Structure formats: C-alpha cells, structure tokens
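See structure below.
Nothing in this text is a laboratory measurement; each read-out follows from the coordinates by a stated rule. Only a predicted model underlies this, so the values are computations on that prediction, with no experimental measurement involved. Backbone-built Cβ (ideal geometry, glycine too); neighbour counts: all protein chains shown.
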Amino acid sequence: MSAATPVAGLPLLRRIVLAGTRAGFDAVLVHRGAGPADLVAGTPAAPLTPEAFPGARGRVVILPANVVPQPRWLRALLEAELAPEKAYVDSSLAAVIETEQPARVLAAAAASRDADEAVAALGAGYSDPPAVVDAAGRFPLATVADVPAAERWLLRSLVKQSEGFMSRHVERRISLALTRRLLGTRVTPDAMTLVSVAIGLAGAPFFLSVSPGWQVTGALLFLAHSILDGCDGELARLKFLESRRGAILDFWGDNLVHVAVFACIAAGWSVAIHAAWPLALGAVSIASTLAAAACVFRRTMLDVVPGVGASATDRIAEAMAHRDFIWVVLALAAFGRVDWFLVLTTAGAPIFLLLLLWVGAGRRPA
C-alpha cells in the first residue's frame, strides 16, 4: 500500500499525520520509509528520531502507514488509562505505550522496517487497548481495493445520531454522495458555503407568491440549500480544513437564508391579504431567530460545558434546532400555505430563544 494512495481526497500518509495533529498529539513523527516528505509538506510532521520526543516521559502511539485513523480514536489512545511500560497492540498492529523512556521506544520504531518489527522490538504481545478505545475508529487497508470501503467508512462517520430524522436519512445521504465526488476536486468548504447561501437566497423570493407552484419551487431551493450546507462541513472535516472563519461564514450564512425566507413569507402574505399584521409576525420570527443565533454563536465560540441540571433542557433545545422543519415548509408549500409555517415560527422561535437562555444560565465556561 503506497503512502501516496488517495483516501477521501488526501494522500494516505497526509491523512494519518493530520488526524494525529487533530487528535492533540504534541508531536507527529514520520518513519523515513513511510513515504516521500512532500506528502506531509505544510503539516507539523517531523522525521522519526529518538530525540524528537518533546518530553522525558509520555505516551507513544505507533501507527502503521496502512491504517486510516479517526482523530477521536487517536485521542482515545492518547487519553486511555494504561499500565506503565506495557505496550498495547491491536490486530492492525497499532501500538500504544506509556513510558518513562520514550527515546528508547522511538529508537526501536526508527530502526524497524515495518510495524511487525517495531512491535517485536517492544516485546509486546497482542494485547488490545482498553475497552474505552473503540476498534471501529480505524480502518486497516490491505490493498488499494480497500480504499472505496475506507472512504464509505469515513463518510458514514460524519452522520450524527442527534440529527433530525429526515436530515439523517435523506439530506445527509444526498450530501455525502455529493461530497464524495467533490473530494478529489479543488472545491473548498468556503466555496460550498457560498454556493449554498446563494441558492437559499435565490429561493426566498419565491415565497412572495401565494401560488403553490412558486412556493414549492422556493421550498425545493430552500431544501437544496440545506443539503449543500451539509457538504461544506463534510468537506472540511474529511480534508481537515476546518477553520474559525469557515465556521462563522457557515453559521451566519445559514441564518441569513432563514431570515430572508421568513421575511419573504411575511411580505407575500401581507400583500395577498392587504394587511400589515403578517409583517409583525415576520418581525417577531426574525428577531427571535437572530437572538437565538447570537446565543448559539456565543456558546459555541466560548466553549462551554453543561452545568448541573441543564442536560434535559439542552436536549430539548438541540431537538428544536433540527432542520427537519424545511420538510414542513415543503409540505405546506404544496398547498400554497407557507404562511402557516410563519405562524408556527412566530410562536416557536421565542420559545426556542427562552430555552437557549435557560440552558445558558445552567452552563459555565469550560
């Protein structure tokens, strides 16, 4: 298996190095025989030498160059409680050891031609890591023919069980299929965000009409926005391109689309019945949505953890944030009645805001 083999848009060796960096390792060292140095250019990777370990004591993880890891799996290896000076090795020949002599371990690894020799040099048997380390967090590649299965495995790992039903079973399936085709291109997560926002904004004016045909068109564009909005995050996570700027662009772009849709529904309803009060409903929906977005944004940027008694409310708030509501918009649009959704939003958005404020009161900075 070549270290240059592309796996989900990245050379295998580069993916391993970036996963280790994302997992929080102090140093990611590459064996001289792992592959060309240009595969890891621009990453924190350094050549594997006994002197490369930054401390006199620590945790060393040895990963064969044919294993595709999840950052969460590597982080679990980093944080698991281990008996000192005992090497734990799993069936993929990934090894982890807590040692007072990291230079000795690194010297053995550097002198080895492959993972088998490294394990033998450590004098380790096949003792799996503690149960807290999920073996499903890595995918060993035997041949190039295993790459498609590894990519499907990486894509499946992006699906969160906390997502809404339709989001998980319909939207996510479509977005993952699109993302898989985009991985080998130069399309960036930020570019996908801008395309997603543009499509969502293009759909908003269709809600100015009370015609079912126009409203369904707007709802389908709104749904397309939601699907493509999933692609930017998938690309970012799979190619390790997450950034604060990208997160901010994605977050506020999404909310801009929501505000535009609510405003157009309110304006279209107001014109249709020749009354101003639907504009008041729209104003309440927009103000509550923006205030709730500001609360979520503040909590996300400050990195907070739940306080005592806040977990139940937190789950309610998370459930209300699911984007399955777009399917409600589509169903109502089929009858030309997206105005009903505005009524629901006018009642639901302030409740969501109050829940977020309640949750915020029960949380503290991490």
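Data table
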read-out	value
Burial order of peptide ranges 40-48, 13-21 (average beta-carbon count within 10 Å, highest first)	13-21, 40-48
Long-range HN-HN contacts of Val28 with modeled amide H, under 5 Å	Ala46
Average silhouette area of the stretch 149-271, convex hull of alpha-carbon atoms, in square nanometres	8.1
Relative exposure of Glu163, Glu100, Glu242, judged by other C-beta atoms within 10 Å (fewest first)	Glu100, Glu242, Glu163
Whole-Hz couplings from phi, Karplus 6.51/-1.76/1.60, listed for the stretch 197-203; x for Gly and Pro	5, 4, 5, x, 5, 5, x
Beta bridge orientation in the chain: antiparallel %, DSSP, nearest 5	90
Three-way shape label, the chain, alpha-carbon gyration tensor, a/c 1.5	prolate
Cα-based shape type of the stretch 6-143, given that a ≥ b ≥ c are square roots of the gyration tensor eigenvalues and the cut on a/c is 1.5	rounded
Student exercise, the chain dipole from Lys, Arg, Asp, Glu Cβ charges, in Debye to nearest 20	440
Cα shape, the stretch 112-221, gyration tensor, a/c 1.5 rule	prolate
Positive-end extreme of charge dipole, the chain - chosen from Thr217, Leu235, Gly246 (charges on Cβ)	Thr217
Dipole of the chain, positive direction: furthest Cα of Pro140, Ala108, Trp153, with charges on the beta-carbon	Trp153
Share of pairwise Cα separations in the stretch 158-365, more than 25 Å, in percent	40
More than 13 Å apart - percent of Cα-Cα pairs taken over the stretch 173-221	64
